[in-house]
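Beneath this line is the structure, given in C-alpha cells, with notes to follow.
The values are calculated or read from the model by the stated rules, or taken from the named source; none is laboratory data. In this text the structure is predicted, and so the values were computed from the model without any measurement. No Cβ is skipped: glycine too gets one built from the backbone with ideal geometry, and neighbour counts run over all protein chains shown.
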Amino acid sequence: MKKIFLFIIITITFSIYNVFAQSDKEQNPLNYPYYIYGEQEITGAKTSKLNNIDYKGFASEIPSGGSLSGELDEEEKFKYIFKDVTTNPKINIGNNRLQYWRQIEGTWITDIESGSGISSYRTDNPSTFLLVLDCSNSLGDDFLKVKEGAKTIINGLARASLNGNIKVNIICFSSKAKTQILGFKPLTPENKGILLNFIERQTNDVNATTMYSAINQGIDLQIKTAQNINAKNYEGSHIIIFTDGLDNGSRIEEKQLYAKKDVYNFVKEKIHTTKIKGENLNSWMIVMQGTDIQDSQIDMMKAELKPLASSSSQFIWCDDPSELGEKFSYVAKQLTLRWENLNCTSALNHEGPVCWTYGTPKIEAPAPTPAPTPAPTPKPTIDKHLLLGLNYGLGFCIPLGHFKTGIGIDFAYPISKSFGLGTYLSGGYSFVQWGLLTTIGNYHDKKTAFVGGLGLDACFQDGISFDIRGGVMIKKGFYFMLDLSAGQNVAMTFNVGYNFGSLFSVR
C-alpha cells in the first residue's frame, strides 16, 4: 500500500510540474513546424491586407513575399483565405484549429479572443458527384452498412460545400423498374437532409443488378447538370459506385445494346472518354463479394469491375462487410481533401506582424557567441513567498459512517519560483494528519499552482492509515485540496484554505 501511494504522488507531482514548467517558457510562433506569417495592414473600415507572407511547412497559391487581401467576417475579424494549401511534411489538418499570434512592441502574444486560423474547405468552385449504389437483396443485412457508408460520403462532401457549390445525385439500382434516381441537388445544409433521407428509405428486396444502366443514366444527367456551370471554375465530375455483384440485367435500348458484353464495353468507354468541361470523369469503385458470388468467381468479378475505376488505386475491394464503413470513409476523405483551404482570422484593430501556427513548437537553445568577460555584477534576486496557509476540511469516514471536520496548517518553503517543499498538520475530533507538502507552479506572481502532500492519518479508534492529498491554489490565494486516507480506515475530505504567505517574502 505504501509503495502504491508513493508511486501515485510521484507521478502526479512530475506530471503537473512539467505542465507548469512548460507554461513558463517563452514561446515564439516561428519555432513551430507549420506556420503562416504576414504583416497586417488596415486599408479601410472593413478591409485589410496581409503583406510579406512567409511559410514554414505550408504552401498555397500565394507565393512567399506576396500579399493577400482580407475582409471583415461575421465575427468582426479580418479573414484571409489561403487556397489550395499543401503541407510538407504532409499532414491532414481536417477541422482542427490553428493558433493565432500577433506581435506587439516586439513581443509575440497569443489568445483565442483576438482571432484564430481554422481549417475549412473551398466554398466557391463547383463540382458534381454521382453516387451509384447497389440495392439488390444479395446484400442482406449488410445493406445497412452500405447506407451508413453512403451517408459518410454525403457528410464529408457537405463540409466542402458550404454554399452549395457541390451538386450530388444518388442512384439506387436493383432491377431497372425498381431503380430510383434522386436527381442532382446542390449540397446545401437544407438539401443534405434530403440526400440522407433518400439513402435511409432505400430497401433491398429485389434480386437483380442493372448497374451499367444506372451508370449510363447517371453520366447523362451529370453532363446535363454541368452545362450551366462556368468551365473556368469547374472542379470536376466524380462517380462513386458500390456493388456486391455482377450486372445481370442492363440494356441500353437507345443504342440498341442488349448483350451484356456490348453494354459493358459501352459503359466502360463512356467512363474513360467522357469529358465534362474539358475534364475526364473521376471514377471510384467500392466492391465486395455478395451472397450470389461464388469464391471461384471473385477473380472474374475483379477483372470485370476494376477497369471501371479511373485508376487501380481507386478500385477498393472489401474482404469483409465489417470493413465497409472504413472503405467508404477512405473514399470520402480522399475526395474532400481536394478542397482543403485555410481561413485565417486576425484581430480587427491590429497592425503589424501576425502568425498562425500548427503542431508542437521546437524550442532550440541559442548558439553560444563569444563575448568579453563582463565585470562582476550583483546576482539578481527574485521575490518569492512562503506558503503559510490555514485550511478547513469536511469529510466522510466510510467504515464508521460518519462525517469528520478539522482544521489544519500548511507550510512550504519556496526552493525555486516553481517548486516548494514543507509540511502539513491537520486535526479534528479523534484524528491527526501530518506529512510532507509540496507546491509546483509559480504562485508568487499570482498564477495557478499545484499543492499536494503525502503522509499519515492517525485515528484514535482505528489506528494509522496512509494519507494523500492534492489540489490547486488560485490567483487570489485560496487553495482547494482533496484528501484521501486509506488503511485501517477509509476517509475522504475536501479542504478549503487561504495562503497568508504573501505577507512574507524570501530571497
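Return only the number of the condition from (1) loosely packed, with under 15 Cβ neighbours inside 10 Å; (2) closer than 20 Å to Ile407 by Cα that Ser465 does not satisfy.
So the condition that Ser465 fails would be (1).
Just for the stretch 327-347: of the residues that are touching a Gly at 6+ places or on another chain (Cβ under 9 Å) and surrounded by fewer than 17 Cβ atoms within 10 Å (Cβ to Cβ), which one is modelled with the lowest pLDDT?
Going through the qualifying residues, I end up with Arg338.
Out of the stretch 352-395, which residues are of a type in the set (A, V, I, L, M, F, W, C) and at pLDDT 85 or above?
Answer for the stretch 352-395, where residues must be of a type in the set (A, V, I, L, M, F, W, C) and at pLDDT 85 or above: Val354, Cys355, Trp356, Leu388, Leu390, Leu394.
Across the stretch 42-76, what is the total count of residues that are assigned to a loop (DSSP other than H, G, I, E, B), within 24 Å of the chain's Cα centre (by Cα) and at pLDDT below 90?
The qualifying residues number 4.
Looking for something in contact with a helix residue (DSSP H, G or I) (Cβ under 8 Å, 6 or more places away or on another chain) and either within 23 Å of Lys384 (Cα to Cα) or touching a residue at least 12 places away in the same chain (Cβ under 8 Å) (or both) - is there at least one such residue anywhere in the stretch 490-498?
No, every residue in the stretch 490-498 fails to be in contact with a helix residue (DSSP H, G or I) (Cβ under 8 Å, 6 or more places away or on another chain) and either within 23 Å of Lys384 (Cα to Cα) or touching a residue at least 12 places away in the same chain (Cβ under 8 Å) (or both).
Going by what's in this entry, would Phe500 be described as loosely packed, with under 15 Cβ neighbours inside 10 Å, at pLDDT below 85 and of a type in the set (Phe, Trp, Tyr)?
So Phe500 does not fit the description; no.
Quick check on the stretch 271-278. Is at least one of its residues under 18 Å from Leu157 (Cβ atoms) and in contact (Cβ under 8 Å) with a residue 24 or more places away in the chain?
Within the stretch 271-278, one or more residues are under 18 Å from Leu157 (Cβ atoms) and in contact (Cβ under 8 Å) with a residue 24 or more places away in the chain.
Determine whether Ile219 is of a type outside the set (Ser, Thr, Tyr), assigned by TED's automatic domain parsing to the domain that holds Lys261, within 29 Å of the chain's Cα centre (by Cα) and assigned to a helix (DSSP H, G or I).
no
Answer yes or no: is there a residue in the stretch 228-239 that is at pLDDT below 95 and either farther than 28 Å from Ile154 by Cα or part of a helix (DSSP H, G or I) (or both).
yes
Give the stretch 385-437 a look and list any residue that's buried (at least 21 other Cβ atoms within 10 Å of the Cβ) and of a type in the set (D, E, K, R), or say none.
If the condition is that a residue be buried (at least 21 other Cβ atoms within 10 Å of the Cβ) and of a type in the set (D, E, K, R), then Asp410 is the only one that fits.
Would you be able to tell me the number of residues in the stretch 101-125 that are modelled with pLDDT of 85 or more, surrounded by 14 or more Cβ atoms within 10 Å (Cβ to Cβ) and part of a loop (DSSP other than H, G, I, E, B)?
Qualifying residue count for the region: 0.
Please find, within the stretch 278-308, the residue that is nearest to the chain's Cα centre (by Cα) out of those that are of a type in the set (S, T, N, Q) and surrounded by fewer than 16 Cβ atoms within 10 Å (Cβ to Cβ).
Asn280
When the stretch 79-100 is examined, which residues are found to be in a loop (DSSP other than H, G, I, E, B) and at pLDDT 75 or above?
Lys83, Val85, Asn88, Pro89, listed by residue number.
Taking the residues in the stretch 189-206 that are part of a loop (DSSP other than H, G, I, E, B) and among the charged types (D, E, K, R) as candidates, determine which candidate is farthest from Thr291 (Cα to Cα).
So in the stretch 189-206, the residues part of a loop (DSSP other than H, G, I, E, B) come out as 201-205.
Those left that are additionally among the charged types (D, E, K, R): 201, 205.
Working: Arg201: 22, Asp205: 14 Å.
Per the criteria, the residue is Arg201.
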